[in-house]
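In what follows, a single structure is set out as structure tokens and then discussed.
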Amino acid sequence: MNSSVTSSVAEIATAVRERSPLVQYVTNYVSMDVAANVLNAVGASPAMVHDPHESGEFARIASAVGINIGTPSPSWVEGMTAAAEAAREVGTPWVLDPVAVGATAYRREIVAGLLQHAPTVIRGNASEIIAIATSRAAGRGVDSDADSSDALQAARRLAKEQSAVVVVTGAQDIVTDGSRVAVVHGGDPRMPMVTALGCSASALVAACCGVGADPFDGSVAAMAMLASAGERAGARAEGPGSLRMHLLDELAALTPDRLGSVRVDRS
């Protein structure tokens, strides 16, 4: 990581710790626990507010909003839509996590509706990003059947079409706003074995955007934070169970020096 990237990532991580952004994360029951704990570990304040009776109102006071379509139902979609609409109206950054969007027509319909509310960042695996960019089925449920590098062109096109930042997570994480591209290296190969770490990545992106960071820089910072913590946790873990435990510990212990070990290529 070059010095300018190191400085930017460290500044954003420090701002999250010091300012504790309030992150409203409309997500599924599978990911609520780990996502909330990831946010707590980095110093953010999680709020898993999803009911349509309050989600829009809450989005107006949040520092950032994340919306994850993981286990959709009509009432949850109503809550997602209300939060996205309110976030756009008041200028609050919000992150869309289009879980398994290529798997069913219902999910594609939900994501198409949410895209109308101009997400600040779209974070998904390669198959999810390809599915949105090409309007076709892709992936194997929540799992990707493509590498992140395979989705670069689709991500750049989607970013330009949506005027958003697109984050493709995988063995390497790609961040693009359609012009700039950053590739974040690091983490641990067992991280996909810990359920909902992808969902947690979206929550972390929201936290970084919630401190006023440029969405591109905020997304790079979030991926670098997770990569650094994942790599250090992997060195101590014996399997996915202990990896999750050590990952939370490492996120809580992140320092600028530790972040400096992550490799980020920018173009």
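The values are calculated or read from the model by the stated rules, or taken from the named source; none is laboratory data. Just so it is clear, the model here is predicted, and its values are computed rather than measured. Counting neighbours? That spans all protein chains shown, and the Cβs are built from the backbone with ideal geometry, glycine included.
Beta carbons closer than 8 Å, at least 6 apart along the sequence or on distinct chains, pair a first residue in the range 82-93 that is within 15 Å of HIS53 (Cα to Cα) and crowded, with 24+ Cβ neighbours inside 10 Å with a second that is modelled with pLDDT of 95 or more and aromatic (Phe, Trp, Tyr) for ALA83/PHE58; ALA83/TRP94; ALA84/TRP94.
Kindly evaluate ARG156 against the criterion of being under 17 Å from ALA41 (Cα atoms) and surrounded by fewer than 24 Cβ atoms within 10 Å (Cβ to Cβ).
no
For the residues GLY102, GLY124, the requirement of being modelled with pLDDT under 95 and not in a helix (DSSP H, G or I) singles out GLY102.
Does ILE61 qualify as being crowded, with 22+ Cβ neighbours inside 10 Å and either modelled with pLDDT of 95 or more or farther than 24 Å from PRO98 by Cβ (or both)? Break it down stepwise before answering.
Details: crowded, with 22+ Cβ neighbours inside 10 Å: no; either modelled with pLDDT of 95 or more or farther than 24 Å from PRO98 by Cβ (or both): yes.
Against the criterion (crowded, with 22+ Cβ neighbours inside 10 Å and either modelled with pLDDT of 95 or more or farther than 24 Å from PRO98 by Cβ (or both)), ILE61 does not qualify.
Just to check your reading of the model, which residue among ARG60, ARG88 is more than 21 Å from SER20 (Cβ to Cβ), out of contact with any Phe, Trp or Tyr (no Cβ under 7 Å at 6 or more places or on another chain) and of a type in the set (D, E, K, R)? Please lay out each step first, then the result.
On the way: ARG60 fails: more than 21 Å from SER20 (Cβ to Cβ).
On inspection, the qualifying residue turns out to be ARG88.
The condition (being within 28 Å of GLU250 (Cβ to Cβ), surrounded by fewer than 19 Cβ atoms within 10 Å (Cβ to Cβ), in contact with a helix residue (DSSP H, G or I) (Cβ under 7 Å, 6 or more places away or on another chain) and not aromatic (Phe, Trp, Tyr)) is satisfied by just one residue among ALA182, ALA171, ALA151: ALA171. In the range 251-262, is there at least one residue being modelled with pLDDT under 95, assigned to a helix (DSSP H, G or I) and either of a type in the set (A, V, I, L, M, F, W, C) or surrounded by 24 or more Cβ atoms within 10 Å (Cβ to Cβ) (or both)? Yes, the range 251-262 contains at least one residue that is modelled with pLDDT under 95, assigned to a helix (DSSP H, G or I) and either of a type in the set (A, V, I, L, M, F, W, C) or surrounded by 24 or more Cβ atoms within 10 Å (Cβ to Cβ) (or both).
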